[in-house]
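Chemist: Quick one: structure below, then a few questions.
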Amino acid sequence: MTKIFSAKFWIILISSCCTGAGIVLACADGWGEEYGVSNFSPEIFVDSAYSPFFYSYQFYYKIGHEEDQDARFNNNNTSEWSAFFKNQIAKEELDFLLQKATTGSVDSTINYMSGKSNAIPLSMQSFKIVTKKSDAKINAFFSYLKLAKKCEDFALNNITGSWDFEDKSKNKKNYNATALNAVLLNSFIKSNDIFLKERYWFQLERSYFFNTGAQQAISFFTANEKSMPHDNMYYRTMAYAAGGYYTLKNYSKANYYYSRVYENCDVLKTAAHYSFHPQEEKDWNATLGLCINNNEKATLWQMLGIFYADEQRAIKEIYQLTPASDKLDVLLARAVNKYEQKFNITYRNADMPVDTVAMPSLPALVTKIATAGNTGQPWIWQMAAGYLGTLDKKYADADAWFAKAEKKTPNTKPAQAQLRLLKMINTIAQARRIDSKLESRVLNDIEWLKDFDAKDMPQLRYSDAFAWLRETMAAKYLRQKDLVKSECFSSRVMFYADNQNIEALKTFLGKSGKTNYEKLCADLSVKKMADLFEFQAIHLTYADSIDAAIEKMEKSGAGATTELPGNPFNGRIQDCHDCDHAAAQKIKYSKLSFLKKLQEIKSKINAGEDVYMNAILLANAHYNITHFGNARIFYECKIVGESHSDPYFIDSLFRKMLTGTVIATKYYTLALKNTATDEQRAKCQYMLAKCERNQWYNVHVYNKTDGYTEEKLVDYSALDGFKILKQYAATQYYKDVIKECGYFRTYVGGKKSN
């Protein structure tokens, strides 16, 4: 066993633990759940006191770094004092006095109660406790509280992170506590009430530790420990003695004391564990030698297994000592949760540590113990053996283990749910083909997961299993060429590359008389009938098939009413979505009303009515519904996606369609053929140049097969529209273009704008 931390670092930790302020360092943040991917739920079978030690990329599960070091005992302390007063004093008053009152306000209250002053602090004027001036218990409480507040000056850290511990600790090193220690010792000796006596013992113990020396703290604890009740206060005091031993480099005794604190005081479990630190095998064996029974040894092995992430060694040692020990449970959970990460590479949190060297031996160890059946909870070891079999693709072995577990699993909802989940995973994982028999077998389980209410059973880790199930079923159906059911379980964008697939899904979703399994598939499909019609309408629009697009859009439900944020018929020299969206609009177009307006304009063109203007309007509209225009929301839907900040983020299946300007170019060309003035011709040529410019981007940047490129862009000096536009230098439109378009200004020899 090699040293891991420097001596200086560990002196800080020991001091922290003794003051009830162990600093816990959080690891890097990751995505998803902090346990990575998991179907094996320690919350179901491990005592909740051990929950901070569940497998996690953070130092402690659900904690990370602790920020309540000074307050961890506040509630407990208030409750104990309330019991001391036989619940005759309001907890709100006690809580304020114990946690919030200053030393000065306590002194003032004591003076008031003793008759030395007529004034009472404003914050306590409504307190009933201060009216009981003759109550001996209350007077004893205030006498103790006055001293306890003074001890807080050196004992509390008032820190919120490990980064400022050392700076704030320096202020306490030279505290002169000689007079305070004398008063504390006198109060300790004279006190006949064990409740008060133990508290004076605690206060003096930590004063000795911080202000006098480690040896005196150890001696004072040892001299009085046998006469004290073994409650939380006792183990808080023991933690200071442990810190004293560590300061004197008596690591074996320090670690033994920390193990007793860890075992018996849940509130200090993480602090004791964090300060626990075997240096090498020699002191570790010496620590084991101090144990008076196998249970104490099991505690040490559990702490070691968690601290050094060597769960398997700890399991072996504890199992030899006491097979039925509940200390095995958290180690089993950690080991299995760690093993799970290897088999979920697609979803695995990159921050999760995975020991691939030690992992292969775990299934044999768990199987051996499960076979013996002599642990405290044999059923969970049988479940674990089965689940590890599933992960190793030993499905028949897994089935056998789950059958054994079924006979012994407690009849509680969480335990039964865990078994059901693992059995379902094994059933689906081993299936080579999905047939009607398997569909019938897994129907209820899939519905159970689909409708699972985490609020009803928060212990079960079910979400990863459901995600895996959907992907796995989809993959199996895909191999069987059952594209529709595959799409229902997990949507793939390539499904929508073929309209026949869309029609097949529409037929399936609209089918009457579905079987229960078919109803389940339809419910699972994230794409509903309206989404399919909306996508078809969008696709037809980009093919300039407006009549057919309207027919589809009218069946798209809420999609048809989606409002376009800008006027899609406007055409700007310089694209400015925000400008168009902010501009006043006499008419607000929805997707459907926009299509109907396109239909109306096309009919006017076909009738020969003002072809130039109507062609310009159509061209602007088709330009604006591309990614470059002000109405890109037109194509946003469940199938295409939304909020694409860059064309590269549009799926490659749709990118060419949504960035293309072929239809816009068609209508700008039609408008050009029907111009009557140079102003009109200049406008058409420039708008054609915009289309040509965007197409250049599409070819050279966004639609390259090798993905996004930072290829150096040119100034488009060769654009045909720019060349021709120079012929209309006398027009106002030309001058407006020169003013607004830096690319064109560069082409004609002016200074390019930013």
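The values are calculated or read from the model by the stated rules, or taken from the named source; none is laboratory data. Treat the numbers as computed from the prediction; the structure is a model and nothing was measured. Methodologically, a virtual Cβ is constructed for each residue, glycine included, from the backbone with ideal geometry; neighbour enumeration extends over all protein chains shown. Heads up: the accessible areas ignore ligands, DNA and RNA and are worked out on the full protein's heavy atoms, side chains in. Shrake-Rupley method; radii C 1.70, N 1.55, O 1.52, S 1.80 Å.
Chemist: So what is the relative contact order for segment 351-476, in percent, with contacts set as C-alpha pairs under 8 Å and at least six apart?
Modeler: RCO, segment 351-476: 19 percent.
Chemist: Out of the total accessible area of the chain (probe 1.4 Å, heavy atoms of protein only), what percent is carbon and sulfur?
Modeler: Values: 17020 of 34190 Å².
Carbon and sulfur: 50 percent of the exposed surface of the chain.
Chemist: Could you tell me how many degrees, from 0 to 90 and to the nearest 10, lie between the Cα long axis of helix 662-673 and the main elongation axis, the longest principal axis, of the Cα atoms of the chain?
Modeler: In the chain, helix 662-673 runs at an angle near 40 degrees to the longest axis.
Chemist: Further question: Hey, what do the phi angles of segment 83-95 turn into as Karplus ³J(HN,Hα) couplings, whole Hz, using 6.51/-1.76/1.60 and θ = phi - 60°, x for Gly and Pro?
Modeler: Karplus-based 3J(HN,Hα) across segment 83-95 equals 5, 4, 8, 6, 6, 8, 10, 4, 4, 5, 5, 5, 4 Hz.
Chemist: At 20 °C and 1.002 mPa s, what whole-number value in µm²/s does Stokes-Einstein give for the translational diffusion of the chain, with Rh from the Kirkwood sum over Cα pairs?
Modeler: After rounding, the answer is 65 µm²/s.
Chemist: Can you tell me the alpha carbon radius of gyration of segment 398-510 divided by the globular rule-of-thumb value 2.2 N^0.38 Å?
Modeler: Taking N as the residue count of segment 398-510, the ratio is 1.23.
Chemist: As I understand it, the value is the acute angle between the Cα axis of helix 294-307 and the longest principal axis of the Cα atoms of the chain; what does it come to in degrees, rounded to 10?
Modeler: 30 degrees
Chemist: Okay, next question. Can you give me the distance in nm between label points at residue 440 and residue 543, each placed 7 Å from the Cα along the Cα-to-Cβ direction?
Modeler: 4.2 nm
Chemist: Given H placed on each backbone N at 1.01 Å, which residues far from residue 627 in sequence or on other chains put an amide H within less than 5 Å of it?
Modeler: Long-range HN contacts for residue 627: 659.
Chemist: Could you order the peptides 195-202, 180-187, 607-614 from most to least packed, using the average number of other C-beta atoms within 10 Å per residue?
Modeler: Per-residue mean Cβ counts within 10 Å order the peptides as 195-202, 180-187, 607-614.
Chemist: Residue 107 to residue 33: extension gain in nm, 0.36 nm per residue of separation minus the Cα-Cα distance?
Modeler: Length difference between fully extended and current span is 21.7 nm.
Chemist: Just name one of 277, 240, 221: the one whose Cα is farthest towards the positive end of the charge dipole of segment 211-279 (beta-carbon charges, Lys/Arg +1, Asp/Glu -1).
Modeler: Positive-end residue among those listed: 277.
Chemist: Let me have the relative contact order for segment 531-685, percent, based on Cα pairs under 8 Å that are six or more residues apart.
Modeler: 24 percent
Chemist: Okay, next question. For labels at residue 645 and residue 316 in the simple 7 Å Cα→Cβ model, what's the distance in nm?
Modeler: Once both label points are built, they end up 5.1 nm from each other.
Chemist: Now for a different question. How high is the relative contact order of segment 583-645, in percent, with contacts defined as C-alpha pairs under 8 Å that are six or more residues apart? Numbers along the way, then the final one.
Modeler: Working: 26 pairs, mean separation 10.8, N = 63.
It comes to 17 percent, rounded to a whole number.
Chemist: Let me have the 222 nm mean residue ellipticity of the chain computed from DSSP H runs of 4+ only, each contributing -39500 (n - 2.57), with the sum over all residues rounded to the nearest 500. Don't skip to the end; give the middle numbers.
Modeler: Numbers: 37 runs with 427 residues, N = 754.
-17500 deg cm²/dmol, from helical runs alone.
Chemist: A further question on this structure: Apply 1/(1 + (r/R0)^6) to the Cβ-Cβ distance of residue 140 and residue 285, taking R0 = 51 Å, and write down the FRET efficiency to the nearest 0.05.
Modeler: 0.65
Chemist: Another question, if that's okay. Only sites in a loop by DSSP and with at most 12 other Cβ atoms within 10 Å count here; which GluC sites (Glu not before Pro) in segment 206-303 make the cut? Before the final figure, lay out the partial values.
Modeler: On the way: sites: 225, 263, 280, 281, 296; in loops: 280.
Of the GluC sites (Glu not before Pro), the ones in loops of segment 206-303 whose Cβ has at most 12 other Cβ atoms within 10 Å are 280.
Chemist: Which of the GluC sites (Glu not before Pro) found in segment 624-702 are loop residues per DSSP with 10 or fewer other Cβ atoms within 10 Å of their Cβ?
Modeler: Counting only loop positions with at most 10 other Cβ atoms within 10 Å, the GluC sites (Glu not before Pro) in segment 624-702 are 642.
Chemist: Need the C-alpha centroid separation for segment 397-436 versus segment 525-564, integer Å.
Modeler: 44 Å
Chemist: What angle do you read, to the nearest 10 degrees and between 0 and 90, between the alpha-carbon axis of helix 611-624 and the longest principal axis of the chain?
Modeler: 20 degrees
Chemist: Follow-up. Can you list the HN-Hα couplings for segment 511-520, worked out from phi with the Karplus curve (6.51, -1.76, 1.60; θ = phi - 60°), rounded to whole Hz and with x for Gly and Pro?
Modeler: 5, 8, x, 5, 6, 4, 5, 5, 4, 4
Chemist: Calculate the spin-label point distance for residue 503 paired with residue 87, positioning each point 7 Å from the Cα along the beta-carbon direction, and give it in nanometres.
Modeler: 7.6 nm
Chemist: Still on this structure, please answer the following. Extension gain residue 467-residue 607, at 0.36 nm per residue separation less the Cα-Cα distance, in nm?
Modeler: Full extension from residue 467 to residue 607 adds 44.8 nm.
Chemist: What percentages, rounded to whole numbers, describe P(r) for segment 505-568 computed over all alpha carbon pairs with 10 Å bin width beginning at zero?
Modeler: Binned Cα distances yield the sequence 22, 40, 26, 10, 2.
Chemist: Can you work out the accessible area per residue across the chain, with the rest of the protein chains kept in place, probe 1.4 Å, in square angstrom?
Modeler: In whole numbers, the chain has 45 Å² accessible per residue.
Chemist: Mind listing the phi-derived Karplus ³J(HN,Hα) values for segment 588-595, rounded to whole Hz, using 6.51, -1.76 and 1.60 with θ = phi - 60°, and x for any glycine or proline?
Modeler: Once θ is set to phi - 60°, the couplings for segment 588-595 become 9, 9, 8, 4, 6, 5, 4, 5 Hz.
Chemist: Another question, if that's okay. Using 1/(1 + (r/R0)^6) with R0 = 60 angstrom and r between the beta carbons of residue 309 and residue 100, what's the FRET efficiency to the nearest 0.05?
Modeler: In this case the efficiency is close to 0.90.
Chemist: Once amide H atoms are placed 1.01 Å from N in the peptide plane, what residues at a sequence separation of 5 or more from residue 590, or on another chain, have their amide H within under 5 Å of its amide H?
Modeler: Excluding prolines and chain starts, which carry no amide H, the hits are 564.
Chemist: Work out how much length residue 71 to residue 189 would gain on full extension: take 0.36 nm times their residue separation and subtract the Cα-Cα distance, in nm to one decimal.
Modeler: Net length gain for the segment: 39.6 nm.
Chemist: List the trypsin sites (Lys or Arg not before Pro) within segment 584-660 that fall in a DSSP loop (any state other than H, G, I, E or B) and whose Cβ has at most 15 other Cβ atoms within 10 Å.
Modeler: Counting only loop positions with at most 15 other Cβ atoms within 10 Å, the trypsin sites (Lys or Arg not before Pro) in segment 584-660 are 586, 588.
Chemist: Report, in debye and to the nearest 20, how large the dipole of the chain comes out about its Cα centre when Lys and Arg carry +1 and Asp and Glu carry -1 on their Cβ. All intermediate terms of the calculation are to be shown ahead of the outcome.
Modeler: Numbers: 95 positive and 85 negative charges, 17 e Å.
Roughly 80 debye for the chain.
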